[in-house]
Amino acid sequence: MPEIPKTYEPQKYEDKIYALWEKSGFFNPDNLKLPKNAKAYSIVLPPPNITDKLHLGHSSMLAIEDLLIRFHRMKGYRALWIPGTDHAAIATQNVVEKKLLKEKNITRHDLGRDKFLKEVWKFLRVTQKTILNQTRKMGASLDWSREAFTLDDERQKAVTRMFVEMHEAGAIYRGERIVNWCPRCKSTLADDEVEYKEQKTKLYTFRYWKNFPISISTTRPETKLGDTAVAVNPKDARYKKYIGQEFEGFFCGIALKIKIISDRNVDANFGTGALGVTPAHSMIDWKMAEDNKLEKVKVIDEDGNIKKDFGEFSGKTALRTRELVVSRLKEDSLIEKEDDIENNLSVCYRCATTIEPLPSKQWFVNVNKPLKKLGNKSLKDKAIEVVKKKKIEFIPFRFTKSYLDWMNNLHDWCISRQIWFGHKIPVWYKSKDIYVGEIAPKGKGWKQDPDSLDTWFSSGMWTFSTLGWHSFAKASAGKSDRIIKTGDLARFHPMQVLETGYDILTLWVSRMILMSSFAMKEIPFEKVYLHGLVLDKFGKKMSKSKGNGIDPLDMISIYGADAVRMAILLGSTPGNDVRISEEKIESFRNYVTKIWNIYRYSAMAYADFNFIEKINKKDIKSLADRWIVSNLNNVSGEITKDLENYRFSMAGEKLQKFVWNDFADWYLEINKAEKNSKILGYVLDKILKLSHPFAPFVTEKIWQDFFQGRKILMVEKWPVADNDLLDKKAKLEFDNLKQVVTKIRNIRTSYHIDPGKTIQVFAKKIENKEILEKMARIKIEIVLKSSAKGIAIVGKNIKLTLAISDLIDVEKEKARLEKEITNFDGLITKIEALFKNSNFVKSAPKEVIVANKVKLKEYQEKLKIQRELLKNCIY
RNA sequence: GGAUCCUUAGCUCAAUGGCUAGAGCACCUCGUUUACACCGAGGGGGUUAUAGGUUCGAGUCCUAUAGGGUCCACCA
């Protein structure tokens with residue numbers, strides 16, 4: 001056996017190991033040697049934006065998903081994990097625009113659409129490779145042969161087809177309504193892309209003209225040029241008499257016709273209790289105008305300036321107009337009050353420009369319309385139904401409520417965006433004709449819609465567009481309503497789990513459910529695992545823009561990917577934010593080194609060292625052997641259960657405790673005395689396999705070191721706990737032994753007794769004398785009496801004499817046992833009562849009865865052993 | 001206004017209603033025994049935010065209070 005270095009240096013091996021895995025072909029489930037009926041386990045990677053660099057948020061997602069995939073692959077599932085990237089239309093366009101401005105001082109309008117798009121593609125080809133290469137550094141076992149991009153040919157075809165199919169089914173329509181318009185991005189924003197910023201502003205209270213009967217309050221006087229009504233609360237006694245009346249006059253020189261209407265959304269206590277209705281520039285006013293059939297006068301244009309026909313104000317910016325209107329009102333002494341108030345300003349989430357609500361022609365997904373295709377249910381109904389019927393489960397469960405709340409309040413989804421980069425809308429116009437289809441209509445004069453689709457439209461299709469949905473949809477077009485899936489779609493859809501951050505639950509997850517309900521008539525995934533956000537050690541959100549984060553690539557190069565993965569996976573729980581610090585990563589690097597050194601010792605200490613899959617009972621020789629083997633099989637069963645139930649942190653902690661505290665600190669030391677290489681090989685075999693999903697690199701490196709390429713750990717079988725090897729008594733006995741060893745050690749050090757000296761111990765009997773001596777590093781002479789306490793005499797060449805009762809706190813043990821017995825009796829009484837009650841047996845779910853019976857049995861067994869041990873060893 | 005999460009050791013976090021509330025880091029003492037100083041042994045440090053309740057048994061479930069975070073709606 002060649003010399004093995006003292007420490008494991010991840011930098012040296014990680015890339016090579018990743019290359020070995022990739023070369024093996026086993027990332028692709030088609031290459032796994034599996035029985036035909038092997039179950040599928042599929043995950044699709046939430047596609048990172050092409051403009052992203054790997055940050056800890058990605059690392060977290062990759063660590064969790066790779067853990068799931070490796071675990072299931074080893075368990076014999078047809079494990080598929082699909083990589084890909086998102087074109088992130090608006091974000092990418094913004095980045096390229098900024099870049100062009102900075103480097104060449106030009107705008108996209110200077111370049112023109114085609115040249116600009118060429119620039120975007122040139123840019124994204126580079127960044128796309130970067131982010132995907134960085135995912136490799138985390139050890140992600142993604143099937144690269146199925147790599148996808150939301151804007152590649154296959155996905156473009158799928159998106160186009162989806163739009164056409166939805167349009168044909170009546171689920172997409174074109175309509176005018178108030179949208180959130182960003183005058184800088186020149187694009188609409190979805191409701192959840194709008195951010196709110198608190199600001200101080202003035203609330204003006206004034207009348208339109210002198211003899212107008214009601215004064216109104218507003219923070220935006222400039223929009224009042226387009227008012228067509230004043231709304232009051234129907235219950236407001238002050239204004240009741242005016243409801244229904246119409247007034248005409250001039251406001252700042254502009255002729256207005258104002259109708260007094262009532263609406264229960266008006267708050268009688270705000271301002272004057274009367275609201276000037278500007279239909280074209282406020283969502284809520286638009287609705288009132290529809291209800292009351294009012295005229296909708298547009299005041300502000302797409303650049304954020306006042307339109308023509310508004311006299312002196314035309315062409316001026318909205319802000320400037322506000323100043324002008326206010327001073328004009330002051331001149332005419334129409335202003336009654338100016339109050340300082342705080343309100344929320346809507347701003348663009350990309351560029352923080354103030355949002356201008358504007359009416360505009362847009363394409364919408366109708367979420368409320370009953371669709372024939374969905375059995376006369378609406379998309380919204382369907383998306384609610386699948387969650388209510390528990391076809392889709394959220395982890396943690398509480399997000400079910402967030403999802404349902406959001407879905408219940410869902411409005412039609414505006415899917416057109418006024419940007420150049422993205423999926424083109426498959427709609428063509430010729431004068432008043434509109435054509436919707438996958439390819440351009442024949443004939444001259446047709447012009448394609450200049451807008452692009454919302455990026456969530458394409459990522460909403462991600463679970464099936466990545467599995468070849470386009471060709472499937474094409475093939476099944478016109479055929480009956482029954483969907484017969486083929487190929488990858490048949491094998492891998494719906495996926496088993498979607499793993500993503502809770503911050504995009506509504507943005508993305510909900511849309512995937514909508515889209516899959518329509519296209520596939522099935523759920524996109526069975527479970528949604530939502531991880532928390534990764535925060536820095538001050539509890540701030542790490543983000544690419546703030547630059548306050550720990551760079552995972554730096555951490556990987558210093559401490560290794562395994563340490564980074566474990567720091568993310570352990571000590572965190574689903575849906576809760578996790579703070580990562582360098583210290584935490586460092587401590588897991590130490591753990592990785594520990595695993596390495598366990599192997600180093602084993603391989604160096606035994607010439608015949610081998611990894612052993614199974615052992616016989618006759619290989620188990622000592623108490624320590626019984627204990628470690630039993631403990632291993634117990635813990636491996638628990639770890640498996642925890643992983644199956646998405647309790648990664650719990651699984652990892654149990655594993656770490658077993659490896660470090662039990663195996664390395666205790667068993668290995670004893671093994672040096674007992675020399676049982678079989679048990680060592682057996683336990684280490686399991687440790688490597690159980691650790692592999694958490695720390696794939698170091699475990700594989702050890703495996704390769706030993707097998708020299710003859711086997712790959714990544715595709716080894718997951719260990720199944722062997723219940724025959726469980727030995728509960730061994731654990732209790734060994735715990736006792738550990739206590740005694742510890743006490744003797746403490747006494748030895750506190751009396752400064754040199755190692756190798758002898759002490760006498762009074763006891764009826766002491767088992768495992770040799771282990772005791774080895775571990776406590778002192779010679780022990782057993783005095784077979786159980787009389788009085790021994791006397792401790794300290795001095796040179798003098799023996800220390802102890803009674804075993806000095807070594808274990810008998811009173812404490814007794815008290816503990818008594819308390820447990822009391823509780824236990826209560827439990828027995830309760831359970832017996834439950835079983836006597838025939839109603840309970842009938843009504844209670846089977847699991848409850850079984851669980852209670854198991855509990856009862858376990859308690860009985862444990863207490864029996866404890867009582868026995870206390871009798872034998874202590875008294 | 002609605003929803004939701006959190007409050008546990010000095011710090012960061014765990015703990016399927018069940019055994020002595022656990023880890024890591026930090027701190028103190030001891031230790032270099034051929035796997036490992038990226039180490040080992042031990043120790044100190046907790047009224048689990050507060051007050052009630054349910055239970056044989058509560059950090060965990062219920063009610064209320066206080067403080068902190070997040071999301072949604074509204075913001076004339």
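The values are calculated or read from the model by the stated rules, or taken from the named source; none is laboratory data. Keep in mind it's a predicted model, so treat the numbers as computed, not measured. Positions of Cβ are backbone-derived with ideal geometry, glycine not excepted, and every protein chain shown enters the neighbour counts. Keep in mind that these areas ignore ligands, DNA and RNA; they rest on the heavy atoms of the full protein, side chains included. Shrake-Rupley method; radii C 1.70, N 1.55, O 1.52, S 1.80 Å.
Kindly indicate which of A:LYS39, A:LYS75 is free of Cβ contacts under 8 Å to residues at least 40 places away in the same chain and more than 30 Å from A:SER581 (Cβ to Cβ).
Details: A:LYS75 fails: free of Cβ contacts under 8 Å to residues at least 40 places away in the same chain.
Testing whether each residue is free of Cβ contacts under 8 Å to residues at least 40 places away in the same chain and more than 30 Å from A:SER581 (Cβ to Cβ) leaves just A:LYS39.
Could you grab me the full set of residues in the range A:303-319 that are over 14 Å from A:PHE251 (Cα atoms), assigned to a loop (DSSP other than H, G, I, E, B) and touching a residue at least 12 places away in the same chain (Cβ under 8 Å)? I'd like the intermediate steps shown before the answer.
Looking only at the range A:303-319, we keep the residues that are over 14 Å from A:PHE251 (Cα atoms), and these are A:303-308, A:314-319.
If we keep only those that are assigned to a loop (DSSP other than H, G, I, E, B) as well, we get A:303-304, A:307-308, A:314-316.
Answer for the range A:303-319, where residues must be over 14 Å from A:PHE251 (Cα atoms), assigned to a loop (DSSP other than H, G, I, E, B) and touching a residue at least 12 places away in the same chain (Cβ under 8 Å): A:ASP303, A:GLY304.
Among all residue pairs at least 6 apart or on different chains, which show Cβ distances below 7 Å where the first residue, located in the range A:2-15, is more than 18 Å from A:ILE598 (Cα to Cα) and the second is not small (Gly, Ala, Ser)?
That search, which allows pairs on different chains as well, returns A:TYR13/A:PHE697; A:TYR13/A:LYS701; A:GLU14/A:PHE697.
Limited to the range A:492-504, what total is found for residues that are aliphatic (A, V, I, L, M) and open to solvent by 10 Å² or more (accessible area, probe 1.4 Å)?
Let us first name the residues in the range A:492-504 that are aliphatic (A, V, I, L, M), namely A:495, A:497-498, A:504.
If we keep only those that are open to solvent by 10 Å² or more (accessible area, probe 1.4 Å) too, we end up with A:504.
So the count comes out to 1.
Working carefully through the options A:LYS401, A:LYS373, A:LYS380, find the one that is within 16 Å of RNA strand B (Cβ to nearest atom) and in contact (Cβ under 8 Å) with a residue 24 or more places away in the chain. Show your work before the answer.
Details: A:LYS401 fails: in contact (Cβ under 8 Å) with a residue 24 or more places away in the chain; A:LYS373 fails: within 16 Å of RNA strand B (Cβ to nearest atom).
Going through A:LYS401, A:LYS373, A:LYS380 in turn, the sole match is A:LYS380.
Would you please list the contacts, defined by Cβ atoms under 9 Å and residues six or more apart or on different chains, that run from a residue in the range A:141-170 that is more than 29 Å from A:ILE64 (Cβ to Cβ) to a residue that is open to solvent by 40 Å² or more (accessible area, probe 1.4 Å) and in a helix (DSSP H, G or I)?
Listed pairs, sorted by first residue: A:LYS157/A:SER471; A:LYS157/A:LYS474; A:ARG161/A:LYS474; A:GLU165/A:LYS373; A:ALA169/A:LYS372; A:ALA169/A:LYS373; A:GLY170/A:LYS372; A:GLY170/A:LYS373.
Given the criteria away from RNA strand B (no atom under 15 Å from the Cβ), among the small types (Gly, Ala, Ser) and either part of a loop (DSSP other than H, G, I, E, B) or on the phi > 0 side of the Ramachandran plot (or both), does A:GLY244 qualify?
Working: away from RNA strand B (no atom under 15 Å from the Cβ): yes; among the small types (Gly, Ala, Ser): yes; either part of a loop (DSSP other than H, G, I, E, B) or on the phi > 0 side of the Ramachandran plot (or both): yes.
So A:GLY244 passes the test.
I need the full set of residues from the range A:585-600 which are more than 6 Å from RNA strand B (Cβ to nearest atom) and open to solvent by 30 Å² or more (accessible area, probe 1.4 Å), in order please.
Across the range A:585-600, the qualifying residue is only A:GLU586.
Which of (1) part of a helix (DSSP H, G or I); (2) within 12 Å of RNA strand B (Cβ to nearest atom); (3) closer than 25 Å to A:PHE394 by Cα; (4) touching a residue at least 24 places away in the same chain (Cβ under 8 Å) does A:TYR646 not meet, given it meets every other one?
The number of the failed condition is (1).
State all residues of the range A:324-342 that are in contact with a Phe, Trp or Tyr (Cβ under 9 Å, 6 or more places away or on another chain) and within 16 Å of RNA strand B (Cβ to nearest atom); if no residue qualifies, say none.
Passing the criteria: A:VAL325, A:VAL326, A:LEU329, A:LEU334, A:ILE335, A:GLU336, A:LYS337, A:GLU338, A:ASP339.
Testing A:TYR208 on (1) over 30 Å from A:ARG511 (Cα atoms); (2) out of contact with any strand residue (DSSP E or B) (no Cβ under 7 Å at 6 or more places or on another chain); (3) of a type outside the set (A, V, I, L, M), one condition comes back false. Which one is that?
All conditions pass for A:TYR208, except number (2).
So, in the range A:735-770, of the ones that are touching a Lys or Arg at 6+ places or on another chain (Cβ under 8 Å) and open to solvent by 80 Å² or more (accessible area, probe 1.4 Å), which residue ends up nearest to RNA strand B (Cβ to nearest atom)? Break it down into steps so the answer makes sense when it comes.
To start, the set of residues in the range A:735-770 that are touching a Lys or Arg at 6+ places or on another chain (Cβ under 8 Å) comprises A:745, A:748, A:755-760, A:762.
Pick out the ones that are also open to solvent by 80 Å² or more (accessible area, probe 1.4 Å) and you get A:745, A:757.
Numbers: A:ARG745: 5, A:LYS757: 15 Å.
Within the range A:735-770, the match that is nearest to RNA strand B (Cβ to nearest atom) is A:ARG745.
Of all the residues that make up the range A:351-373, how many are open to solvent by 50 Å² or more (accessible area, probe 1.4 Å), farther than 30 Å from A:GLU165 by Cβ and touching a Ser or Thr at 6+ places or on another chain (Cβ under 9 Å)? Please lay out each step first, then the result.
Step one: of the range A:351-373, the residues open to solvent by 50 Å² or more (accessible area, probe 1.4 Å) are A:352, A:354, A:361, A:368-370, A:372-373.
From what is left, the residues that are farther than 30 Å from A:GLU165 by Cβ are A:352, A:354.
Narrowing further to those that are touching a Ser or Thr at 6+ places or on another chain (Cβ under 9 Å): A:354.
Counting residues in the range A:351-373 that are open to solvent by 50 Å² or more (accessible area, probe 1.4 Å), farther than 30 Å from A:GLU165 by Cβ and touching a Ser or Thr at 6+ places or on another chain (Cβ under 9 Å) gives 1.
If we scan the range A:601-620, do we find a residue that is within 13 Å of RNA strand B (Cβ to nearest atom), part of a helix (DSSP H, G or I) and open to solvent by less than 20 Å² (accessible area, probe 1.4 Å)? Quick ask: steps written out before the conclusion?
Pass one, the range A:601-620, residues within 13 Å of RNA strand B (Cβ to nearest atom): A:601-606, A:609.
Restricting the remaining residues to those that are part of a helix (DSSP H, G or I) gives A:601-605.
When the remaining residues are screened for being open to solvent by less than 20 Å² (accessible area, probe 1.4 Å), the result is A:602-603.
The answer is yes, given that some residue of the range A:601-620 is within 13 Å of RNA strand B (Cβ to nearest atom), part of a helix (DSSP H, G or I) and open to solvent by less than 20 Å² (accessible area, probe 1.4 Å).
Each row is one residue, and each column tells you yes or no for (1) of a type outside the set (Asp, Glu); (2) at pLDDT 95 or above; (3) over 27 Å from A:ASP30 (Cα atoms).
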site: A:GLY445; (1), (2), (3): yes, no, yes
site: A:GLN448; (1), (2), (3): yes, yes, yes
site: A:TRP462; (1), (2), (3): yes, yes, no
site: A:SER465; (1), (2), (3): yes, yes, no
site: A:ALA475; (1), (2), (3): yes, no, no
site: A:GLY478; (1), (2), (3): yes, no, yes
site: A:ARG482; (1), (2), (3): yes, no, yes
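Do you know which residues across the range A:31-61 are under 24 Å from the mean Cα position of the chain (by Cα) and assigned to a helix (DSSP H, G or I)?
Scanning the range A:31-61 gives A:LEU56, A:GLY57, A:HIS58, A:SER59, A:SER60, A:MET61.
For the list (1) within 42 Å of the chain's Cα centre (by Cα); (2) assigned to a loop (DSSP other than H, G, I, E, B), I need the number of the one condition that A:SER360 fails.
Failed condition: (2).
Tally the residues that are more than 12 Å from RNA strand B (Cβ to nearest atom) and either at pLDDT below 80 or not small (Gly, Ala, Ser) (or both), restricting the search to the range A:262-283.
1
Are there strands (runs of 3 or more DSSP E) fully within the range A:380-437 with at least 1 residues that are open to solvent by less than 70 Å² (accessible area, probe 1.4 Å), more than 22 Å from A:MET495 (Cβ to Cβ) and touching a strand residue (DSSP E or B) at 6+ places or on another chain (Cβ under 6 Å)? List them. First the steps, then the outcome.
Numbers: elements: A:393-395, A:427-430, A:433-436.
Passing ranges, in order: A:427-430, A:433-436.
Is one or more of the residues making up the range A:210-233 closer than 22 Å to A:GLY311 by Cα and open to solvent by 50 Å² or more (accessible area, probe 1.4 Å)? Reasoning before the result, please.
As a first pass, look at the range A:210-233 and keep what is closer than 22 Å to A:GLY311 by Cα: A:210, A:212, A:218-229.
In the following step, the residues that additionally are open to solvent by 50 Å² or more (accessible area, probe 1.4 Å) were identified as A:210, A:220.
Yes.
Tell me, which residue of the range A:10-20 that is over 17 Å from A:PHE706 (Cβ atoms) and open to solvent by less than 70 Å² (accessible area, probe 1.4 Å) is nearest to RNA strand B (Cβ to nearest atom)?
A:PRO10
If only one of A:LYS259, A:LYS308, A:LYS293, A:LYS298 is more than 15 Å from RNA strand B (Cβ to nearest atom) and in contact with a strand residue (DSSP E or B) (Cβ under 6 Å, 6 or more places away or on another chain), which one is it? Reasoning before the result, please.
Details: A:LYS308 fails: in contact with a strand residue (DSSP E or B) (Cβ under 6 Å, 6 or more places away or on another chain); A:LYS293 fails: in contact with a strand residue (DSSP E or B) (Cβ under 6 Å, 6 or more places away or on another chain); A:LYS298 fails: in contact with a strand residue (DSSP E or B) (Cβ under 6 Å, 6 or more places away or on another chain).
Checking each option against the conditions leaves just A:LYS259.
List every residue pair whose Cβ atoms sit under 6 Å apart, with the two residues 6 or more apart in sequence or on different chains, where the first one lies in the range A:654-674 and is under 22 Å from A:LEU643 (Cβ atoms) and the second, anywhere, is assigned to a helix (DSSP H, G or I) and near RNA strand B (Cβ under 7 Å from one of its atoms).
A:TRP660/A:LYS594
Residues of the range A:1-30 being over 20 Å from A:SER557 (Cα atoms) and not in a loop (DSSP other than H, G, I, E, B), which ones? Break it down into steps so the answer makes sense when it comes.
We begin by selecting, within the range A:1-30, every residue over 20 Å from A:SER557 (Cα atoms); these are A:1-4, A:22-30.
Residues satisfying the conditions are A:GLU22, A:LYS23, A:SER24, A:PRO29, A:ASP30.
Which residues, counting only those in the range A:125-181, are of a type in the set (A, V, I, L, M, F, W, C), within 30 Å of A:ALA563 (Cβ to Cβ) and touching a Ser or Thr at 6+ places or on another chain (Cβ under 9 Å)? Before the answer, list the steps.
Keep residues of the range A:125-181 that are of a type in the set (A, V, I, L, M, F, W, C), which gives A:126, A:131-132, A:138, A:140, A:142, A:144, A:148-149, A:151, A:158-159, A:162-164, A:166, A:169, A:171-172, A:178-179, A:181.
Narrowing further to those that are within 30 Å of A:ALA563 (Cβ to Cβ): A:126, A:131-132, A:138, A:140, A:142, A:144.
A:ILE131, A:LEU132, A:MET138, A:LEU142 - these are the residues of the range A:125-181 that are of a type in the set (A, V, I, L, M, F, W, C), within 30 Å of A:ALA563 (Cβ to Cβ) and touching a Ser or Thr at 6+ places or on another chain (Cβ under 9 Å).
To keep it simple, each residue is scored yes or no on (1) at pLDDT 95 or above; (2) closer than 21 Å to A:LEU68 by Cα.
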{"site": "A:LYS641", "(1), (2)": "no, yes"}
{"site": "A:ASN671", "(1), (2)": "no, no"}
{"site": "A:SER677", "(1), (2)": "no, no"}
{"site": "A:LEU688", "(1), (2)": "yes, yes"}
{"site": "A:VAL698", "(1), (2)": "yes, yes"}
